[in-house]
């Protein structure tokens, strides 16, 4: 699938999530599969804000203690995304959410953000046997989620999936 096709498919998915409980779409792929480029193209076409989440969160968490970071992270994310007052927000470079010291559930954070707006995020991982995977099993940041209430485009497998589960 070409980058143009990925862009068209993602824009189509964005238009379809309006009535869902979680308006979250993930571009899933390993490193160097074009996730950032896809976000840039959608940003250009829709004018939706594109946020480098690692950079923005790091700036705001820098002066906090480890405990304060864990407690403040969901609110800080909401403030960052909410500051744009847009219906669609693109999040790239979300790896900081997986930092074990932050003691967070990255998917739940993204789902909570997507209750009031459409969130399109990049996910550095894979889809395997109906599971969304981040990292490898022995890695401390490893996460495995059953695909339920998740919409995604797989950049690795060159496929588009529209998995809604109980997302009604």
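Read-outs throughout are calculated quantities, based only on the coordinates presented, and are distinct from any laboratory measurement. This is a predicted model, so every value here is computed, not measured. Neighbour counts are summed over all protein chains in view; Cβ atoms, including those assigned to glycine, are modelled from backbone coordinates with ideal geometry.
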Report summary line: For 89, 120, ascending order of other Cβ atoms within 10 Å (fewest first) is 89, 120
Query raised in the report: What's the Cα-based Rg to Rh of the stretch 3-162, Rh via Kirkwood?
Result: 0.94
Report summary line: Checking rank on 48-55, 29-36, 107-114, with mean other Cβ inside 10 Å and highest first, the result is 107-114, 48-55, 29-36
Query raised in the report: By how many degrees, between 0 and 90 and to the nearest 10, does the Cα long axis of helix 35-46 differ from the longest principal axis of the chain?
Result: 70 degrees
Report task. Give the relative contact order (percent, whole number) for the chain; include only Cα pairs under 8 Å separated by 6+ residues. Result -> 31 percent
Query raised in the report: How many angstrom separate the Cα center of the stretch 71-113 from the Cα center of the stretch 46-65?
Result: 9 Å
**Report entry** Prolate/oblate/rounded label for the stretch 8-63 (Cα gyration tensor, a/c 1.5)
**Finding:** prolate
Report summary line: Of 16-28, 92-104, 59-71, ordering from highest average Cβ density within 10 Å down gives 16-28, 92-104, 59-71
Report summary line: With Cα coordinates, the longest principal axis of the chain makes an angle with the long axis of helix 3-16, in degrees rounded to 10, of 80 degrees
Query raised in the report: Considering only DSSP beta bridges whose two residues both sit in the chain, what percent are antiparallel, to the nearest 5?
Result: 40 percent
Report summary line: Ranked from fewest to most other Cβ atoms within 10 Å of their own Cβ, 139, 43 fall in the order 139, 43
**Report entry** Exposure proxy order (Cβ contacts within 10 Å, fewest to most) of 85, 5, 138, 149
**Finding:** 138, 85, 5, 149
